[in-house]
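Written below as structure tokens is the structure these notes are about.
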Amino acid sequence: MLNMVRWLGWGTTLAVAALVAMAVLYAAYPVPMAALIQREARACGLDPLLVAAVIRRESGFEPRAVSSRGARGLMQLMPETGAWAASRLGIEGFHPDRLFEPEVNLRLGCWYLAYLLDRFGGDPVAALAAYNGGEGTVADWMARGHWHPAQGPGEIPFPETRHFVAGVLRDYRVYRWLYRHLPAVWGRVEQLAAAGTAAVEERLGR
């Protein structure tokens, strides 16, 4: 490390390290099928990066993922939820196996998430809790005073739902930082890295 600093200087060394760290983060937080996710999310008034965070947490972007409870596809919809959403959207000929089709799964999943956001007054914590734990369950918690979205995900009664909501919100923050905030400074980092490469090549006499 000290040899690298001597060759490149602290500023350029940090820029190169930042590039490596960012490459690791982008690999850990990908957005496969970005155009499809963007289209279906925006059609439902959702932030595509929130949908990406849900997918990352639910299926790891594996279209044929099946949970132990039978949830299917990218957004891990239960067959009965998929059938209900399909009927609300006027999609005919629905079959549970269609949840393995990315376009169908995203269309139904985005619609369902948007429905839950509307159902719970636009509160993402409540909507995500309902997405995982069930609409009726979350409504019952709130009606009985067992939990309120203002308490945050840390107080959600079900451990699985608590971890799911906290995880999605954390991933959503990372996605927004990587794909919205970081590009504003990315050009400068690349310039510093390029300068470092040029300095190395000059020292090597290339």
**Complete:** With criteria (1) surrounded by fewer than 16 Cβ atoms within 10 Å (Cβ to Cβ); (2) modelled with pLDDT under 95; (3) over 20 Å from the mean Cα position of the chain (by Cα); (4) hydroxyl-bearing (Ser, Thr, Tyr), Thr12 comes up short on (1)
**Request:** From Ala52, Ala41, Ala71, grab the single residue that is small (Gly, Ala, Ser) and under 11 Å from the mean Cα position of the chain (by Cα).
**Result:** Ala52
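Within the group Gly70, Gly60, Gly93, which residue is under 21 Å from Val125 (Cα atoms) and surrounded by fewer than 20 Cβ atoms within 10 Å (Cβ to Cβ)? Steps first, please.
Numbers: Gly70 fails: under 21 Å from Val125 (Cα atoms); Gly93 fails: under 21 Å from Val125 (Cα atoms).
Result: Gly60 is the single residue among Gly70, Gly60, Gly93 that is under 21 Å from Val125 (Cα atoms) and surrounded by fewer than 20 Cβ atoms within 10 Å (Cβ to Cβ).
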**Asked** Can you tell me which of Leu108, Leu113 is surrounded by 21 or more Cβ atoms within 10 Å (Cβ to Cβ), part of a helix (DSSP H, G or I) and in contact (Cβ under 8 Å) with a residue 60 or more places away in the chain?
**Response** Leu113
**Asked** Looking at (1) in a helix (DSSP H, G or I); (2) under 19 Å from Leu169 (Cα atoms); (3) modelled with pLDDT of 95 or more, which is the only condition Leu46 fails?
**Response** (1)
**Residue pairs meeting the criteria (Cβ under 6 Å; at least 6 apart or on separate chains; first at positive phi, in segment 64-87; second charged (D, E, K, R))** = Gln76/Glu58
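Hey, among Val138, Val54, which residue is in contact (Cβ under 8 Å) with a residue 40 or more places away in the chain, crowded, with 20+ Cβ neighbours inside 10 Å, in a helix (DSSP H, G or I) and not charged (D, E, K, R)?
The unique qualifying residue is Val54.
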**Request:** State all residues of segment 28-45 that are closer than 19 Å to Ala130 by Cα and crowded, with 22+ Cβ neighbours inside 10 Å; if no residue qualifies, say none.
**Result:** Ala41
**Prompt:** What number of residues within segment 118-135 are in a helix (DSSP H, G or I), surrounded by 14 or more Cβ atoms within 10 Å (Cβ to Cβ) and without any contact (Cβ under 8 Å) to a residue 40 or more places away in the chain?
**Reply:** 8
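The values are calculated or read from the model by the stated rules, or taken from the named source; none is laboratory data. Since this is a predicted model, take the numbers as computed values, not measurements. Ideal geometry is used to build each Cβ from the backbone, glycine not excepted, and the neighbour counts take in all protein chains shown.
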